[in-house]
1. Would you point out which residue out of 251, 314 is assigned to a helix (DSSP H, G or I), at pLDDT 70 or above and farther than 27 Å from residue 370 by Cα?
2. Does residue 115 satisfy the condition of being in the same structural domain as residue 212 (by TED's automatic domain parsing) and surrounded by 14 or more Cβ atoms within 10 Å (Cβ to Cβ)?
3. Can you tell me which of 14, 73, 10, 29 is exposed (fewer than 15 other Cβ atoms within 10 Å of the Cβ), assigned by TED's automatic domain parsing to the domain that holds residue 113 and either in contact (Cβ under 8 Å) with a residue 40 or more places away in the chain or not in a helix (DSSP H, G or I) (or both)?
4. Residue by residue through the range 408-433, note down the ones that are farther than 16 Å from residue 355 by Cα, at pLDDT below 90 and crowded, with 19+ Cβ neighbours inside 10 Å.
5. Using beta carbons and a limit of 6 Å, which pairs, at least six apart or on different chains, have the first residue in the range 382-407 and in the same structural domain as residue 333 (by TED's automatic domain parsing) and modelled with pLDDT under 90 and the second one crowded, with 16+ Cβ neighbours inside 10 Å and not in a helix (DSSP H, G or I)?
6. Give the range 83-105 a look and list any residue that's touching a helix residue (DSSP H, G or I) at 6+ places or on another chain (Cβ under 7 Å) and farther than 19 Å from residue 142 by Cβ, or say none.
């Protein structure tokens, strides 16, 4: 595993030296001791000019594993340079789910060439998987799995594993089906190893199978794999027929993808599936501008409130100094609550029916936070602003206005922050869309209303 930058640089230099000296046998031996993901990283670092030569040094099976780990633009470059025979060899070694992922990333001209060189069986399977919705379990499943019949003995099962197991992505879990491919049970290779050769599969299998359907959300399936500590999840159709499996590596990709998407939405950006450094300036601009435009225009309400209380601000200028603090505290409080609720929603810990319980909890938390923040701010204003800095305008009444506003704003912000994601989930929107900037905009306007209402009442403005 290449976990140190220095180690990576040294290996890149070694690879480049061996390549320049045409020590191809040494290069091949070096690659054979490495993991596919590390080889892919090295190929990226050596550059596109050297990549085709280095890739062709890899044994057929290892080459296919490395190919899967490469970024899509590098895959496309290699495919364009492949002969038909080389492309066929790569496709023969690819697992079906990896082949589908590659097809989805490639431009139409490359896809046509891939499908032309694929076997009729692979082509049919790829087209079948591509028909499923993008967010469904069917779109990420692997249709290559090992199934057994309940009437088989352990000895028969091992014969079948030896015969076809080499073509499967995983054989850790074995699925028992009937003549119509309906899922009857599951067992592990460990169960087989510990059993007698004459034991029947029916007696060893677990009939209580946790499975998902092809139309289930892929994120839910990924979370189920994590929850149950499975290495693979069987996928059935609407008639309970086993059609594929979702492996843990695909689940990790889904979780990473969904987490990235949620972070981007929470930061008021349109989601992107490209790495940061490979995303162009124009694409980044397009992703950020819409939300920034909406948030800027929504801030008009804040301006209207400030204009309305212009006379109050002029009468007590010291109030101006605390507006940024109030806005920041409110926004931060709302963001804290929203992130906690969004996480709970993603883990299925809460749902819309729990809204009153969530509000009650956040209300109590907000009261405690508000009291502490208000007390701390009162001490700061009296000791620092008035006594040390000598600001005579900071009176006890002004402190009371600011500190009471802090308390009310924290309560309101946390109520907004926890309820908006739940409401979004209820009406079918992504809770992550209720991003912190959006919450901040709402809280800013409300905090000013609370602030000037209290100031007008207590200071007589």
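The values are calculated or read from the model by the stated rules, or taken from the named source; none is laboratory data. Worth saying up front: this structure is predicted, and the values here are computed from it rather than measured. Here Cβ is always computed from backbone atoms with ideal geometry, including for glycine, and neighbour counts include all displayed protein chains.
1. Only one candidate qualifies: 251.
2. It is false that residue 115 is in the same structural domain as residue 212 (by TED's automatic domain parsing) and surrounded by 14 or more Cβ atoms within 10 Å (Cβ to Cβ).
3. Going through 14, 73, 10, 29 in turn, the sole match is 73.
4. Result: 432, single match.
5. Close Cβ pairs (under 6 Å, with a partner that is crowded, with 16+ Cβ neighbours inside 10 Å and not in a helix (DSSP H, G or I)) amount to 385/394; 386/394.
6. 84, 87, 88, 89 - these are the residues of the range 83-105 that are touching a helix residue (DSSP H, G or I) at 6+ places or on another chain (Cβ under 7 Å) and farther than 19 Å from residue 142 by Cβ.
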